[in-house]
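Below is one structure; the comments refer to it alone.
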């Protein structure tokens, strides 16, 4: 199943600084919860892993991440991630695009969109959760990215229990935070 | 992505002040010929089987534990369409307790990697190179415990090369669609079969000249039987005497034994070496008719290792992999006059069969009895055609509580009839009354060749209208509409076709669809009766006993009914499609009559009179003019073993194989009343009146239970159930969290009643009732909802009709 998410947020950092972080493979991937780069294949291709867990469903993906666009003048980037479940139980594809706009010097607007397609066990058993989980993952990514720019510490492990818990609270009117 | 539902969204708190609900069965007067002690037909005898069920003492497949038994679990495909590059079993074999992992390549050595389907198509048992649907069996893990088998399953690593699947049936015949069944030499497309009935030329002419023509596209969604008990088996092969006992959740044990012998005869499992035992079954509904790969793998493994092998599906495997039902895309058209006379109908069907045609239809009828789609109406011009296609979805097409595609046919005719009434602004009840086949016109020849045995459609609908206060409700509807409220009344007046079937037309894999009964009465006058059918909760142990009691006068309490063991029961085609009462029930009546004939001879001998001088009433013979001279059936039976006339065979037994002369045609008139919350789309069923005509009733209590269960399973596709797939072939509701089977929470108060027109050709005038409510309920509900929405120009809603669909339809029209 496919889900698409868009996020727009502002950071109080100059556009060039934001751009260099957004297009640095190790920095950007480190902001994705559960993701890790394990090997650089060439300038645009990297190998990595992503671990996801929510409720009883766990998935680990071994994948290839490719930067398909890094246009420094237009401040547009795009990357594609292709992952195969490490137990052969499914696969995932992610296309992410990021655009930067300088609102004022030192204030940058970041637009991020993600299309995620999941096939296999995660889709079979967790389809109703995928949009919510993806949303949570992107929220966590945004927070991590902001922390990275601010030079703060952040935790890129995916906290599965709390994520599922916060979704349940959200569904039933509890406090999401 | 389709929007999923949550349980209990749809139920508003009832507001009985507006609607006068009869929370009890509408009483019917049944004249019983026998006393309560005998409890023949018409008595609401308590179910004999319920003692053990209610005390948790049933004997289901998973209760069976044999010494040395191994357990099997199945590795399933995560993809809808993929090549298998490698199956790595090394890690699985290291899991403590795992004994073996079986793949398609292993079965291929014995020629057991393919099997036939009931429709003579072919199906993989385990794949050797390609998987064709998500959740397809890929390998089997055998272990000493269920837990070890599951752990072993998790450790099997399969490498796939994913291919683009065909999911949408409408795109299956596109020129650029990949050809799925490359295993079939020369197959160049995904087309399975084409079927037609009726007269195309005549129909097209009537349509071209008709004043009024209406047309709707409708999808009868892919649904699942979701019986409480999943499928499973214990295959128990004994090498020493080359004998297989197959304990198995099957609705048709005898047919399964024959199929096993046909498939595995070449490895020595000939039919006398195979015994199939079908124990208590927790619901079948058609889903336990097919042979699933798990059964075959279990047999193969037991055969190879010489130990019993148990396989029990989990809930999601059952929902995701076992045969689905329905999935017909139908274009329905009706032509008529401005004053409401139906002149002709035309139907075009696209049937999505998934990976293989594993329908459970009689061989001659790939589209089942869909051609009953002309319904309860008096017209002679129709044409229908159907095409079936392969897609990358689980195979199936089972007759889910439905006589082979009758549900699809009834939805089409009952929806399009309402559409016609709406078009000419005529009351749908009056339009039906105008067009019904008249009581005196039976037996009635339908334009597609069926001979309806009997019916009184006017009486049925009139009774339903009286019970529900139809015209009162129509007045209330006018008032509610003035207040801006949405209220709808929907009618379904359906004709069913059940009891397959006459041997000249009906067979499955060549075996004719008769059924059988064998009655043995013991010297003390108590009996055991065995049948070729198999109850899955229908109450055969009670109803069959009552049929025999009705004819023979032995109390039903003293008649033990046994089914499901091929070593002891006479051959029969099993229980599905409401066929048990029409076939095996008839066989019981005829066998019992043979015994009455024998009893007469013995009574004449004992009373020293001629046979003509005897009067029979169930349970005893009396001498004409001398009522004090009596011989009870018990005395006569005792004499059959102790003092039988010379020249007569001793004993008191009879067997009959009943080949029905025609099918039976139950009918029903259902009226549903709904209120819909405009802002949320929530649907509240205020009334549901179901008047059934199933001919003579054997046990009114059991019939009422059948109708209640069937109506709830009719509510299911109308408002809740549909197996959803995304474009990659992922199931989106593969657990009961997401696939909503309605429960008591969702069910309205069903009001049930009857009219009785006995089947003239059936020995006891019964017609069968098991599936009528499942067949008749969906269009009544859909018609009620569409009626509620009709002021906004809405003429059709696809089932399941969810609050979201309603809200969206109203929102799109600017209503909310």
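The values are calculated or read from the model by the stated rules, or taken from the named source; none is laboratory data. Note that the coordinates shown come from a computational prediction; the quantities given were computed from them, not determined experimentally. With ideal geometry, Cβ positions are generated from the backbone for all residues, glycine too; neighbour counts draw on all protein chains shown.
Observations, loosely collected:
- Condition met for residue B:155 (more than 21 Å from residue B:296 (Cα to Cα), within 14 Å of another protein chain (Cβ to nearest Cβ), modelled with pLDDT of 95 or more and more than 33 Å from the chain's Cα centre (by Cα)): yes
- Positions within region B:730-768 being assigned to a strand (DSSP E or B) and either away from chain A (no Cβ under 12 Å) or surrounded by fewer than 19 Cβ atoms within 10 Å (Cβ to Cβ) (or both), in sequence order: B:750, B:751, B:752, B:753, B:754, B:766
- Here residue B:100 does not qualify as within 14 Å of chain A (Cβ to nearest Cβ), modelled with pLDDT of 95 or more, under 27 Å from residue B:261 (Cβ atoms) and in contact with a strand residue (DSSP E or B) (Cβ under 9 Å, 6 or more places away or on another chain).
- Every test in (1) surrounded by 24 or more Cβ atoms within 10 Å (Cβ to Cβ); (2) at pLDDT 95 or above; (3) within 14 Å of chain A (Cβ to nearest Cβ) is passed by residue B:718 save one, and that test is (3).
- Near pairs, Cβ below 6 angstrom, 6+ apart or cross-chain, from region A:87-107 (more than 14 Å from chain B (Cβ to nearest Cβ)) to any residue that is in a loop (DSSP other than H, G, I, E, B): A:100/A:75; A:106/A:14; A:107/A:12
- Flag for residue B:759 being under 30 Å from residue B:214 (Cβ atoms) and either under 19 Å from the mean Cα position of the chain (by Cα) or touching a residue at least 40 places away in the same chain (Cβ under 8 Å) (or both): no
- Residue satisfying all of: in region B:197-207; surrounded by 15 or more Cβ atoms within 10 Å (Cβ to Cβ) and under 32 Å from the mean Cα position of the chain (by Cα); nearest to the other protein chains (Cβ to nearest Cβ) among these: B:197
- Residue count for region B:367-398 satisfying the condition of being assigned to a loop (DSSP other than H, G, I, E, B), crowded, with 24+ Cβ neighbours inside 10 Å and touching a strand residue (DSSP E or B) at 6+ places or on another chain (Cβ under 7 Å): 8.
- With respect to the conditions (1) part of a loop (DSSP other than H, G, I, E, B); (2) surrounded by 18 or more Cβ atoms within 10 Å (Cβ to Cβ), residue B:241 falls short on a single one, namely (2).
- With respect to the conditions (1) more than 22 Å from residue B:156 (Cα to Cα); (2) assigned to a strand (DSSP E or B), residue B:99 lacks only one, and its number is (1).
- Selection status of residue A:59, within 17 Å of the chain's Cα centre (by Cα), more than 29 Å from residue A:19 (Cα to Cα) and within 12 Å of chain B (Cβ to nearest Cβ): yes
- Being assigned to a loop (DSSP other than H, G, I, E, B), more than 24 Å from the chain's Cα centre (by Cα) and either in contact (Cβ under 8 Å) with a residue 12 or more places away in the chain or within 30 Å of residue B:133 (Cα to Cα) (or both) is a description that applies to residue B:727.
- Residue within region B:483-491 that is touching a strand residue (DSSP E or B) at 6+ places or on another chain (Cβ under 9 Å), buried (at least 21 other Cβ atoms within 10 Å of the Cβ), without any contact (Cβ under 8 Å) to a residue 60 or more places away in the chain and under 30 Å from residue B:371 (Cβ atoms) present: no
- Strands (runs of 3 or more DSSP E) lying entirely in region B:626-711 (those with 1 or more residues that are under 33 Å from the mean Cα position of the chain (by Cα)): B:653-658, B:667-676, B:683-693
- Filter result (under 26 Å from residue B:308 (Cβ atoms), away from chain A (no Cβ under 13 Å) and in a loop (DSSP other than H, G, I, E, B)) within region B:128-152: B:144, B:145
- Residue A:41 vs. criteria within 13 Å of chain B (Cβ to nearest Cβ), surrounded by fewer than 22 Cβ atoms within 10 Å (Cβ to Cβ) and within 29 Å of residue B:161 (Cβ to Cβ): no
- Exactly one residue out of B:81, B:71 is farther than 17 Å from residue B:395 by Cα, over 29 Å from the mean Cα position of the chain (by Cα) and modelled with pLDDT of 95 or more: that is B:71.
- Checking each residue in region A:119-139 for being touching a residue at least 40 places away in the same chain (Cβ under 8 Å), surrounded by 21 or more Cβ atoms within 10 Å (Cβ to Cβ) and more than 14 Å from every other protein chain (Cβ to nearest Cβ) picks out A:133, A:137.
- With respect to the conditions (1) touching a strand residue (DSSP E or B) at 6+ places or on another chain (Cβ under 9 Å); (2) within 14 Å of chain A (Cβ to nearest Cβ), residue B:210 falls short on a single one, namely (2).
- Any hit, region B:70-88, residues being in the same structural domain as residue B:124 (by TED's automatic domain parsing), farther than 21 Å from residue B:137 by Cα and in contact (Cβ under 8 Å) with a residue 24 or more places away in the chain: no
- Meets criteria (modelled with pLDDT under 95 and either within 14 Å of chain A (Cβ to nearest Cβ) or closer than 23 Å to residue B:252 by Cβ (or both)) for residue B:124: no
- Scanning region A:1-35 for residues that are at pLDDT 90 or above, assigned to a strand (DSSP E or B) and away from every other protein chain (no Cβ under 14 Å) turns up A:6, A:7, A:8, A:9, A:10, A:11.
- When residue B:637 is tested against (1) over 19 Å from residue B:595 (Cβ atoms); (2) in contact with a strand residue (DSSP E or B) (Cβ under 6 Å, 6 or more places away or on another chain), just one condition goes unmet, and that condition is (1).
- Test for residue B:725: is it crowded, with 24+ Cβ neighbours inside 10 Å and within 14 Å of chain A (Cβ to nearest Cβ): yes
- Among (1) away from chain A (no Cβ under 14 Å); (2) in contact (Cβ under 8 Å) with a residue 60 or more places away in the chain, the one test that residue B:108 misses: (2)
- Test: residue in region A:64-82 that is within 14 Å of chain B (Cβ to nearest Cβ) and modelled with pLDDT of 90 or more: yes
- Filtered residues of region B:158-191 (kept if more than 33 Å from the chain's Cα centre (by Cα) and within 14 Å of chain A (Cβ to nearest Cβ)): B:158, B:159, B:160, B:161, B:162, B:163, B:164
- Note on region B:493-526: residues that are under 28 Å from residue B:258 (Cβ atoms) and in a strand (DSSP E or B) total 11.
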